[in-house]
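The values are calculated or read from the model by the stated rules, or taken from the named source; none is laboratory data. The structure displayed is predicted, hence computed values, not measured ones. Please note: Cβ atoms are built from the backbone with ideal geometry, for glycine as well, and neighbour counts cover all protein chains shown. Side chains are part of the model used for accessible areas, which takes the heavy atoms of the whole protein and leaves out ligands, DNA and RNA. Shrake-Rupley method; radii C 1.70, N 1.55, O 1.52, S 1.80 Å.
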Amino acid sequence: MGTKVTEKLRRAALLAGFAALLSGCGRLEKNGDFQMEISRREMKTERQKGREEKIVPETEEPQEEETTEAPEGTEEDSPGAAIVNEEDYAYLTLEEEEKKVYGEVLTAILEHRESVEVSTLDKEVLEKVYKAVFADYGGLYWVSGYIYTQHTRNGELTSMEFSPKYTMDYEERKRIQQQIDASVEELLAGISITDSDYEKAKYVFEVLVQNVDYDVSAENSQNIISAFLNRATVCQGYACATQYLLRLLGIQSVIVTGNANGESHAWNLVRLNGRYYYMDTTWGNSRYLSNSSEMEKYVNYNYLAITTEEISRTHTIDNSFALPECTSMEDNYFIRENRYFSEWNPEAVGAVLTEVWNAGGGDASVKFASKGLYERALDYFIAQQYIADYCENISSIYYLEDEELYVLTFHFF
């Protein structure tokens, strides 16, 4: 993760027996035995520990077979292209020639073919297309890379074959797919295809965080087997599973790769109600930020439907295809849940805290439009302890600071 910590965990222990409140403002008096004791502990992430796995969905670089002479006579016809979903994002970024190769590569993989002749002689085009296919299709768990074979005639390059590298035979793939289907049916039981785009994205974000652990030792961590069958994965598995579930719900999504604070990482671009956003399901898992036993795993909504400017504060994109500038905030979690504040309004923020506190505890996150508002809230509710005005008889809280996205998260027990 580098030298910058994305979130910091604080514990504010309000010792037994609050001091008398000052009349009027309700401020907590800090004198005698009644004072707030604050201890600080920075979150360490798996990224800092340098244990993140590589992102490209293949186990090794594309292999090249020796150039061979093509047989005399009519060359073998290229197979018919797969029925490509022309709404898939990575596909839409390709040139016409590349789109044809995309269909051929996708056909070969879906039909479990040993090899297929592709409509290009350029190995770089083939590599670009292969990456685009895997960005659009997070569910291709039975492929780990490919081999390309170039053919020449009289010293001139005439054709090229694409051969997927399978990790299992077709029968095993069918058996595993049945297990995946059963798991996915269970996970999607609480959402409907008729629900709004925002509800679908939020549901997928939540259900994966709640049911899948972050575990760098997970088997098949670079594909959806780890997420759906083992219920433990890393960032690539989360991104693939997110894309897979959103596709089933009719939401356009593509896997994005790059770095997050210096370490390789994967997340998603999604289209909600015609507008593009980024969502990082891995960072939605609080255990990714900290393995502390002090709190149960919870859903961190900070990276659900955010802008390019916001994701760029911590993430660097290295995709081989262009990505849009995401500027909309309309389907951002904090906007939709009325937890976004563009002006100083402590009563409105306090109302959010009161609601969660009176409901018996849980997590309350609030987002601010500027660093100044964020720091003012941190000072007001924590340093000056005005949180006591909104949470009756509170004795201890944990809170998280997200200094990049200006989010404060309070955990009530």
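Summary table
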| read-out | value |
| --- | --- |
| Scan of the stretch 232-278 for residues that are within 19 Å of Glu86 (Cα to Cα) and part of a loop (DSSP other than H, G, I, E, B), ordered by number | Leu249, Gly250, Ile251, Gln252, Asn273, Gly274 |
| Qualifying residue in the stretch 334-346 (condition: under 18 Å from the mean Cα position of the chain (by Cα) and modelled with pLDDT of 95 or more) | yes |
| Condition check for Val133: open to solvent by less than 30 Å² (accessible area, probe 1.4 Å), at pLDDT 95 or above and in contact with a strand residue (DSSP E or B) (Cβ under 6 Å, 6 or more places away or on another chain) | no |
| Selection within the stretch 236-250 - surrounded by 20 or more Cβ atoms within 10 Å (Cβ to Cβ) and within 13 Å of Tyr89 (Cβ to Cβ) | Gln243, Leu246 |
| Tabulated pairs, the stretch 387-413, first over 20 Å from Gly360 (Cβ atoms), second small (Gly, Ala, Ser) and assigned to a strand (DSSP E or B), C-beta under 6 angstrom, 6+ apart or interchain | Val407/Ser365 |
| Check on Val125, outside any loop (DSSP other than H, G, I, E, B), in contact (Cβ under 8 Å) with a residue 24 or more places away in the chain and under 21 Å from the mean Cα position of the chain (by Cα) | no |
| Filter result for Tyr398 (hydroxyl-bearing (Ser, Thr, Tyr), more than 23 Å from the chain's Cα centre (by Cα) and at pLDDT below 95) | yes |
| Leading residue by the ranking (surrounded by the fewest Cβ atoms within 10 Å (Cβ to Cβ)) among those in the stretch 359-372 that are more than 20 Å from Ser286 (Cα to Cα) and either of a type in the set (A, V, I, L, M) or modelled with pLDDT under 95 (or both) | Gly360 |
| Output for the stretch 298-344, where each listed residue is open to solvent by less than 30 Å² (accessible area, probe 1.4 Å), small (Gly, Ala, Ser) and within 25 Å of Tyr214 (Cβ to Cβ) | Ala305 |
| Matching helices (runs of 4 or more DSSP H) fully within the stretch 290-391 where at least 3 residues are within 25 Å of Leu246 (Cα to Cα) | 308-311, 333-336 |
| Residues within the stretch 153-180 that are among the charged types (D, E, K, R), open to solvent by 80 Å² or more (accessible area, probe 1.4 Å) and modelled with pLDDT of 95 or more, tallied | 4 |
| Among residues of the stretch 169-203, those that are of a type in the set (A, V, I, L, M, F, W, C) and within 16 Å of Leu229 (Cα to Cα), counted | 6 |
